[in-house]
Amino acid sequence: MFNKQELQVIGQTLIQRRDWLTKNIHKPELANAKTQNERTLQIIESALVKITTQLRDTATSTSDDSPREQVNHYISQPTISPIRQAAFGRRQELTPAQIRVLLVDDDELICELISAYLQAAGMYQIDIANDGLKGIGMMYEANPVYDLVICDWHMPTKTGLDVHNAMRAAERYLGTVFMLATGVTEAKQIRAAIDEGVDEYIVKPIEQDKLIKKIARFFPQVKSTDAG
């Protein structure tokens, strides 16, 4: 059993690790470890909850209430919401057939192509919106929510980032994976999109195996169709 001071040191260390992972988890150089890092974030969040509870119990047992307020402020500053935390665990268990997908692209041929790629990997719950505004409407009307949104970046009326921001504004979509499909290859622009909170991107023309591998980083039950 740790004493209060030891728990506070452990909590501070975990928070520093959590914040670093949250800031860097989408960096290309950490792409291969993304699934493991997401699991690590889950473990850290769970540990912080337990530490917070134990510190609160310790504070309650004393006559001075001020430490309890300090503890609450000290650990209850999550950079990952409980909804996103829960989504990490849920995605580990989803089979391809259970994943609900929304495709948003004004090019019908691209929608058909991506749909074929997804179906080949076992994902059949696919809805299509041919413009950003319609995509936003479909997201808000969906019940249950979509698990994965694949959206074109450059579209008339609403861009891919507009769709992303509208999605994240709804609390129930905080745990949904958002992937931008784009012809943009400029690293600075892509990095800016990731800084906005976009989970992943794929560059057009879209290759089947690359798409499925990117999806599998978030949904481990999805397997690549590449026989080689």
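Worth a mention:
- Odd one out for Asp106 among (1) at pLDDT 95 or above; (2) part of a loop (DSSP other than H, G, I, E, B): (1)
- Selection from the stretch 19-46 of residues that are modelled with pLDDT of 75 or more, farther than 17 Å from Ile194 by Cβ and more than 15 Å from the chain's Cα centre (by Cα): Ile43, Ile44
- Considering only residues in the stretch 193-227 that are touching an Asp or Glu at 6+ places or on another chain (Cβ under 9 Å) and among the aromatic types (Phe, Trp, Tyr), the one that is farthest from Lys34 (Cα to Cα) turns out to be Phe219.
- Residues within the stretch 72-103 that are at pLDDT below 85, surrounded by fewer than 18 Cβ atoms within 10 Å (Cβ to Cβ) and not in a helix (DSSP H, G or I), tallied: 5
- Single residue of Lys213, Lys188, Lys158, Lys223 found to be crowded, with 16+ Cβ neighbours inside 10 Å, more than 20 Å from Cys111 (Cβ to Cβ) and not small (Gly, Ala, Ser): Lys213
- Inspection of the stretch 162-180 finds a residue satisfying the criterion of being charged (D, E, K, R), assigned by TED's automatic domain parsing to the domain that holds Ile136 and at pLDDT 90 or above.
The values are calculated or read from the model by the stated rules, or taken from the named source; none is laboratory data. Bear in mind that the values here come from a model prediction, so they are computed numbers and not experimental data. Please note: Cβ atoms are built from the backbone with ideal geometry, for glycine as well, and neighbour counts cover all protein chains shown.
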